[in-house]
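K.L.:
One structure is given below, represented as structure tokens, and several questions about it will come after.
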Amino acid sequence: MSRLIKSLVIVSACSLLAACAHPDLLEVGQSGDSVVTELGAPDSKMTLADGGYILVYSHQPFGMEVYWLYFDKNGRFVKHERALNEEHFALVQVGKHTKADVYQMFGKCAQEYDFRLQKETAFMYRFEDVGGYNQAFWVQFDTQGIVTETAVTQDPWENDGFWQIGL
């Protein structure tokens, strides 16, 4: 009997995973409304100069991706890209961007830190670099919420036992 239950649990889990929506499975030309129905509400939306827009979907804290989904001026899906990489990190400008700007670009972070002695806070985004290593992108803010610095380090969750849940 327990073997039957285990089999049913495995089949159910596989069915659920197969039915999961993911940005990699979207079809070019889909409407923005159908994408939102499929993936749920985005973390943010950025308007493009040509009338198109980008929907931002963060898979943080447990996922290691943030996706930018591009739509043309008619609201049709054009392409997607992963945004947690050096090219996108370089878009964050020290002294110019704010917490709201960073949230708009990357959505929810894995963890927000409070550095009381420095009177600063930071967003930490977890990602896998091109070499396959788990890293963290940090964006630090002053008391007015302006970006003071950015950095990439090893993922602090990697070796702190966070992932060891005894399976």
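The values are calculated or read from the model by the stated rules, or taken from the named source; none is laboratory data. Quick caveat, the model's predicted, so the values are computed rather than measured. Don't worry about glycine lacking a Cβ; one is built from the backbone with ideal geometry, like all the others, and counts go over all protein chains shown.
K.L.:
In the set G75, G63, G107, which member is more than 15 Å from the chain's Cα centre (by Cα) and not charged (D, E, K, R)? Spell out how you get there, then give the answer.
P.N.:
Details: G63 fails: more than 15 Å from the chain's Cα centre (by Cα); G107 fails: more than 15 Å from the chain's Cα centre (by Cα).
Step by step, each of G75, G63, G107 is checked, and only G75 is more than 15 Å from the chain's Cα centre (by Cα) and not charged (D, E, K, R).
K.L.:
Let me ask another. Among the numbered criteria (1) acidic (D, E); (2) more than 26 Å from G32 (Cβ to Cβ); (3) at pLDDT 95 or above, which single criterion is violated by E81?
P.N.:
E81 satisfies every listed condition except (2).
K.L.:
So, restricting to strands (runs of 3 or more DSSP E) that lie completely within the stretch 87-148, which ones have at least 3 residues that are touching a residue at least 60 places away in the same chain (Cβ under 8 Å)?
P.N.:
Details: elements: 111-115, 120-128, 134-141.
Where strands (runs of 3 or more DSSP E) fall fully within the stretch 87-148 and carry at least 3 residues being touching a residue at least 60 places away in the same chain (Cβ under 8 Å), they are 120-128.
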